[in-house]
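Enquirer: Pasting a structure below so you can have a look.
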Amino acid sequence: MRACMIMSELTQIRQMFPVLSRKVHGKNLVYFDNAATSQRPQSVVDLWTRISSYSNANIHRAVHCLADEATTEYEQTRDVVREFINAGRREEIIFTSGATASINLVAFSFGEAFVGEDDEVIVTEAEHHSNIVPWQMMCLRKGASLKVLPVDDHGHLVVDALEELITDRTRILALTHISNVLGIVNPVKEVISICHSKGVPVLVDGAQGIVHSRVDVQDMDCDFYAFSGHKMYAATGTGVLYGKKKYLDMMPPYMGGGEMVGNVSFAHTSYAPLPMKFEAGTQNFSSIPTLKPAIDTVKLLNDKELEQNLNQIRDYLLGYFVSDPRITLYGVPRGTNDEKIPLFSFKVDSVHHEDLALILDKMGIAVRSGQMCAEPLMDRFGVTGMLRVSLAPYNTMEEAEYFVKCLNRAIDMLV
């Protein structure tokens, strides 16, 4: 009975996402590339279309009806996001084009305010390029150095090394909430506690965490939290930076332009208060409001029954990957399976990851192959790339079983 109820609920959920009913190469689409971009529900598409078609006007500027409607939609979204992640103040919510832009904003502006020559920044070995390169650029500009917290052979952070890694020159640590390659939920609260005990603020890359964890930035006590909308069912070109007001107030603007100013003269310019100080130029006012129905979707998919169903699929796939001697899985739980989200990056002996991805595509299965924008982590494990399977709550056990069947067939074809 319970299985029938879940299937009925899943069927209704899947009907919210138009793309899930399409075919690829004559096969029913199995979309297992959610860590790259999740699919969008009709509610997101409808809101974007409505604003673009009927309320297309610059926000925060004109007093006419269209501008007022667009501004209202945009600013209401700020309140919805604040509540969703439990930020203390709405001015701590900065809208950007994505997690990459959010991290670049902090790397530049925090660096200008707090980092000097011979200072240090710490990142982890499991970071996406977006949480490495901006810090490298800042360190190069400021004469600072970048230090790396390693991961062990199973993909877990070596947290015990952190105490020794932090010095009196450490100005900030940046880490991912959940690795986009390993799928391991990092002990961010423990890391933050250690860093704060030494006066070091922490930025968390929440691109995966915002989807697979219930994020409470005040409980986590992070100083910055960055995430993208397109990985949590919203439109592309949308992102959020949460920052503690005490830091945002002291940080200079990342970009100059319209709407981020107080007064402008050729002699002097003053800046607008938060959050406008960091939102220069014309914002993506048609897309940012789609965070509202996207958040509604996240909440809907946080249903206990759906979560248990996704955990069963995760456990099924995890059991398959660790039991097949031809496969090496990267990011293996060492405690309970709850340490891992339904994301699996792996290699198959004597088979190139891209060849597997191409064959799976012909079978209707969308997966990711390559370095997943994490080349240092690939180097850590001695591979040139991996195959990645990443699921969302709208995926089914039937799809997982079909994937396993197709992967075995693809391996047999290539070995």
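The values are calculated or read from the model by the stated rules, or taken from the named source; none is laboratory data. Predicted, not measured: the structure shown is a model, and the values here were computed from it. Note: ideal-geometry Cβ built from the backbone for every residue, glycine included; neighbour counts use all protein chains shown. Heavy atoms of the whole protein, side chains included, go into the accessibility calculation; ligands, DNA and RNA do not. Shrake-Rupley method; radii C 1.70, N 1.55, O 1.52, S 1.80 Å.
Enquirer: Has the stretch 37-54 got at least one residue that is within 30 Å of Gly262 (Cβ to Cβ) and without any contact (Cβ under 8 Å) to a residue 24 or more places away in the chain?
Expert: Applying the first criterion (within 30 Å of Gly262 (Cβ to Cβ)) to the stretch 37-54 yields 51.
Subset that is without any contact (Cβ under 8 Å) to a residue 24 or more places away in the chain: none.
Taking every residue of the stretch 37-54 in turn, none turns out to be within 30 Å of Gly262 (Cβ to Cβ) and without any contact (Cβ under 8 Å) to a residue 24 or more places away in the chain.
Enquirer: From the list Thr336, Thr328, pick out the single residue that is among the hydroxyl-bearing types (Ser, Thr, Tyr) and modelled with pLDDT under 95.
Expert: Thr336
Enquirer: Here are the criteria: (1) over 17 Å from Leu241 (Cα atoms); (2) of a type in the set (S, T, N, Q); (3) open to solvent by less than 10 Å² (accessible area, probe 1.4 Å). Tell me which single one Ser145 does not satisfy.
Expert: Result: Ser145 fails condition (3) only.
Enquirer: Step by step: first the residues of the stretch 287-325, then only those that are in a loop (DSSP other than H, G, I, E, B) and under 21 Å from the mean Cα position of the chain (by Cα), then the one that is nearest to Asn34 (Cα to Cα). Which residue is that?
Expert: Here the residue is Asn302.
Enquirer: Further question on the same structure: List the strands (runs of 3 or more DSSP E) inside the stretch 64-164, counting only whole elements, that have at least 3 residues being under 21 Å from the mean Cα position of the chain (by Cα), modelled with pLDDT of 95 or more and within 19 Å of Pro201 (Cα to Cα). Spell out the reasoning first.
Expert: On the way: elements: 93-96, 120-124, 145-149.
Correct list: 120-124.
Enquirer: So, one more: Can you tell me how many residues in the stretch 353-377 are open to solvent by 10 Å² or more (accessible area, probe 1.4 Å) and either free of Cβ contacts under 8 Å to residues at least 60 places away in the same chain or of a type in the set (Gly, Ala, Ser) (or both)?
Expert: Within the stretch 353-377, the first condition is being open to solvent by 10 Å² or more (accessible area, probe 1.4 Å), and the residues that meet it are 353-355, 357-359, 361-363, 366-371, 373, 375-376.
Now restrict to residues that are either free of Cβ contacts under 8 Å to residues at least 60 places away in the same chain or of a type in the set (Gly, Ala, Ser) (or both): 353-355, 357-359, 366, 369-371.
Summing the residues that are open to solvent by 10 Å² or more (accessible area, probe 1.4 Å) and either free of Cβ contacts under 8 Å to residues at least 60 places away in the same chain or of a type in the set (Gly, Ala, Ser) (or both) in the stretch 353-377 gives 10.
Enquirer: Same structure, new question: Could you check Ser179 against (1) open to solvent by 10 Å² or more (accessible area, probe 1.4 Å); (2) within 22 Å of the chain's Cα centre (by Cα) and say which number it fails?
Expert: Every listed condition holds for Ser179 apart from (1).
Enquirer: So which residues in the stretch 72-85 are open to solvent by less than 60 Å² (accessible area, probe 1.4 Å), touching a residue at least 40 places away in the same chain (Cβ under 8 Å) and either within 22 Å of Thr282 (Cα to Cα) or of a type outside the set (A, V, I, L, M) (or both), if there are any at all?
Expert: Those that are open to solvent by less than 60 Å² (accessible area, probe 1.4 Å), touching a residue at least 40 places away in the same chain (Cβ under 8 Å) and either within 22 Å of Thr282 (Cα to Cα) or of a type outside the set (A, V, I, L, M) (or both): Glu73, Tyr74, Thr77, Arg78, Val80, Val81, Phe84.
Residues checked against (1) open to solvent by 10 Å² or more (accessible area, probe 1.4 Å); (2) within 28 Å of Ser179 (Cβ to Cβ); (3) under 21 Å from the mean Cα position of the chain (by Cα):
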| site | (1), (2), (3) |
| --- | --- |
| Ala234 | no, yes, yes |
| Thr238 | no, yes, yes |
| Lys244 | yes, yes, yes |
| Met251 | no, yes, no |
| Met260 | no, no, no |
| Tyr271 | yes, no, no |
| Leu274 | yes, no, no |
| Lys277 | yes, no, no |
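Enquirer: Let me ask something else about it. For Glu339, indicate whether it is open to solvent by 20 Å² or more (accessible area, probe 1.4 Å) and under 18 Å from the mean Cα position of the chain (by Cα). Can you show your working first?
Expert: Details: open to solvent by 20 Å² or more (accessible area, probe 1.4 Å): yes; under 18 Å from the mean Cα position of the chain (by Cα): yes.
Here the answer is yes, as Glu339 does meet what is asked.
Enquirer: Out of Ala410, Ala400, I need the residue that is over 27 Å from Val151 (Cβ atoms) and touching a residue at least 40 places away in the same chain (Cβ under 8 Å). Which one?
Expert: Numbers: Ala400 fails: over 27 Å from Val151 (Cβ atoms).
Being over 27 Å from Val151 (Cβ atoms) and touching a residue at least 40 places away in the same chain (Cβ under 8 Å) holds for just one of Ala410, Ala400, which is Ala410.
Enquirer: On to the next question. Considering (1) closer than 17 Å to Ile313 by Cβ; (2) assigned to a helix (DSSP H, G or I); (3) touching a residue at least 12 places away in the same chain (Cβ under 8 Å), say which one Arg380 fails and leave the rest.
Expert: (1)
Enquirer: Next up: Can you pull out the residues in the stretch 18-45 that are surrounded by 13 or more Cβ atoms within 10 Å (Cβ to Cβ) and either small (Gly, Ala, Ser) or in a strand (DSSP E or B) (or both)?
Expert: Selection gives Val24, Lys27, Asn28, Val30, Tyr31, Asp33, Ala35, Ala36, Ser38, Ser43.
Enquirer: Name the pairs whose Cβ atoms lie under 7 Å apart, with the first residue in the stretch 235-260 and without any contact (Cβ under 8 Å) to a residue 60 or more places away in the chain, the second part of a strand (DSSP E or B) and open to solvent by 20 Å² or more (accessible area, probe 1.4 Å), and 6 or more positions between them or separate chains?
Expert: What qualifies is Met260/Tyr271.
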